Amino acid sequence: MNVVQKYGGTSLDSLDKVRAVAEHIASFRKEGDGIVIVASAMGGTKDELISQAKQLGDNIPKRELDALLATGEQKTAALLAIALQNLGIPAVSMTGFQSGFITTDQHSKARIKEINTERVEQFLKEGKVVVIAGYQGISETGDITTLGNGGSDTTAVAIAAQLGWDCEIYTDVDAIFSTDPKIYPKARKLNRVTYDEMMQLSSGGAEILETRSVELAKKYKVKLFIGKSLESDKRKGTYVMDGSFYIEEMPVTGISISDDCSIYSLQGMKNDGTVIAELFQLLADHNINVDMISKQTYRDNTCTISFSCTDSQSEELDAALENSKILSEATLIKQSSLSIISLVGVGMATSPGVASKVFTTLAREGIVYYQITTSEISISVTVDSDEKIKAVVALCEAFGL
């Protein structure tokens with residue numbers, strides 16, 4: 001068996017858990033198996049490291065923060081390799097740099113440019129379990145970089161793609177469910193979802209898998225499995241794969257929730273395209289990820305542009321807009337503390353009436369919604385955050401989720 005396994009921070013947040021993961025790996029490893037483990041930082045490590053940095057001052061350069069945060073995964077990888085060796089399993093830990101991850105130089109949000117797995121493959125040939133520190137790489141100029149939130153998922157899928165192996169993601173949840181069981185306890189466990197569905201669910205707020213990792217899995221046809229740490233029965237988890245298994249049963253597979261959303265509406269903008277281009281160039285220059293873009297055009301050759309972003313990014317955007325000439329030509333209306341509810345399912349493409357049921361259900365419950373976006377396999381609506389639970393429960397009941 002050749003496999004890449006990734007263990008999340010909650011699965012490795014104490015020495016006892018590190019030892020338990022090592023014992024689990026030892027229990028299934030057989031002679032000749034190729035095993036690569038990707039380790040996240042112990043739970044709470046990132047917050048602790050950031051807190052320590054802040055105690056030294058407010059000026060924390062992103063380059064130094066990347067160098068600091070990367071130590072969290074390096075620590076866990078080394079401890080897990082030590083635990084394996086003490087169980088008689090030959091193992092070696094590797095940093096992102098040592099395992100061949102070359103990235104862009106965008107600190108805290110670097111993207112993988114290439115992976116040189118020569119050293120990893122040499123250790124595998126020697127019969128060793130290779131334990132890689134996730135979330136990190138090195139730029140072409142030699143600086144340590146990190147891959148952003150969920151970067152260890154990306155590390156695991158990327159190395160699996162390079163090796164041509166399957167990838168298993170282990171965390172503290174049993175599987176992927178039709179929605180968050182904490183919000184809707186009757187949520188169904190999903191045995192299988194498609195890459196496209198998982199990407200939509202992840203980008204819509206489902207936190208089990210990072211969106212970039214699913215994109216990589218789809219591009220390189222990496223078979224993904226998501227399950228609970230130390231659980232050996234694969235029937236209890238969820239597989240993410242192509243849509244060849246799809247049978248037309250239910251139009252909606254799941255519902256994701258993304259909190260802390262802000263909607264910006266700029267009214268009275270010139271409808272000549274130039275100001276709009278300047279607006280989105282401003283967003284790009286400040287690395288603001290926008291969603292749910294809409295445009296309304298009026299007879300006086302003006303328009304209203306609306307888009308959403310996270311509340312955390314809105315602070316930076318507010319400052320950027322204040323210093324821009326764009327607001328001198330438009331009126332800004334901002335709504336904060338919103339939630340985006342996304343219904344996802346490949347069955348939507350061939351099932352009429354899904355949108356009608358969504359809007360009828362929300363209207364019946366008296367839930368006001370704002371922006372709406374659709375794709376071939378999703379419908380997303382923005383609601384006030386204090387209405388999200390009511391909306392999710394009603395929609396789950398309506399679609400049998």
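Readers should treat all values here as calculations from the given coordinates under stated rules, not as data from a laboratory. All of these numbers come straight from a predicted model, not from anything done at the bench. Neighbour counts run over all protein chains shown; Cβ positions are idealised from the backbone, glycine included.
Per-structure values
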| quantity | calculated |
| --- | --- |
| Per-residue Cβ neighbour rank within 10 angstrom, fewest leading, Phe28, Phe307 | Phe28, Phe307 |
| Charge dipole of the chain about the Cα centre (unit charges at C-beta), most positive-ward option of Val36, Thr179, Ile25 | Ile25 |
| Value of relative contact order over the stretch 142-271, rounded to a whole percent, pairs C-alpha under 8 Å and six or more apart | 31 percent |
| Spatial separation of Cα centroids for the stretch 155-202 and the stretch 26-42, in angstrom | 20 Å |
| Cβ-based net charge around Leu401, under 9 Å, with every Lys or Arg adding one and every Asp or Glu removing one | +1 |
| Max mean-square fluctuation residue, GNM over the chain, Cα-Cα springs under 10 Å, options Ile333, Ile176, Ile255 | Ile333 |
| Cα long-axis angle, helix 354-364 against the chain (0 to 90 degrees, to the nearest 10) | 70 degrees |
| Percentage relative contact order, the chain, counting C-alpha pairs under 8 Å, at least six apart | 14 percent |
| Residue among Ser178, Ser314, Ser11 with the largest mean-square fluctuation in a Gaussian network model of the chain, springs linking Cα atoms under 10 Å | Ser314 |
| Calculated from backbone phi, Karplus (6.51, -1.76, 1.60) coupling profile of the stretch 20-29 in Hz, x at Gly/Pro | 5, 5, 4, 5, 5, 4, 4, 6, 10, 5 |
| Least to most buried among Thr104, Thr117 (fewest other Cβ within 10 Å first) | Thr104, Thr117 |
| Proxy reagent accessibility, fewest Cβ within 10 Å first, across Tyr170, Tyr184 | Tyr184, Tyr170 |
| Violating pairs (Cα-Cα greater than 20 angstrom) within the set Lys109/Lys223; Lys30/Lys234; Lys295/Lys334; Lys46/Lys234; Lys30/Lys125; Lys6/Lys75 | Lys109/Lys223; Lys46/Lys234 |
| Charge sum, other residues only, whose C-beta stays under 9 Å from Lys6's C-beta, Lys/Arg counted +1 and Asp/Glu -1 | -2 |
| Candidates Glu329, Glu114, Glu168: whichever shows maximal mean-square fluctuation once the chain is modelled as a Gaussian network with Cα springs under 10 Å | Glu329 |
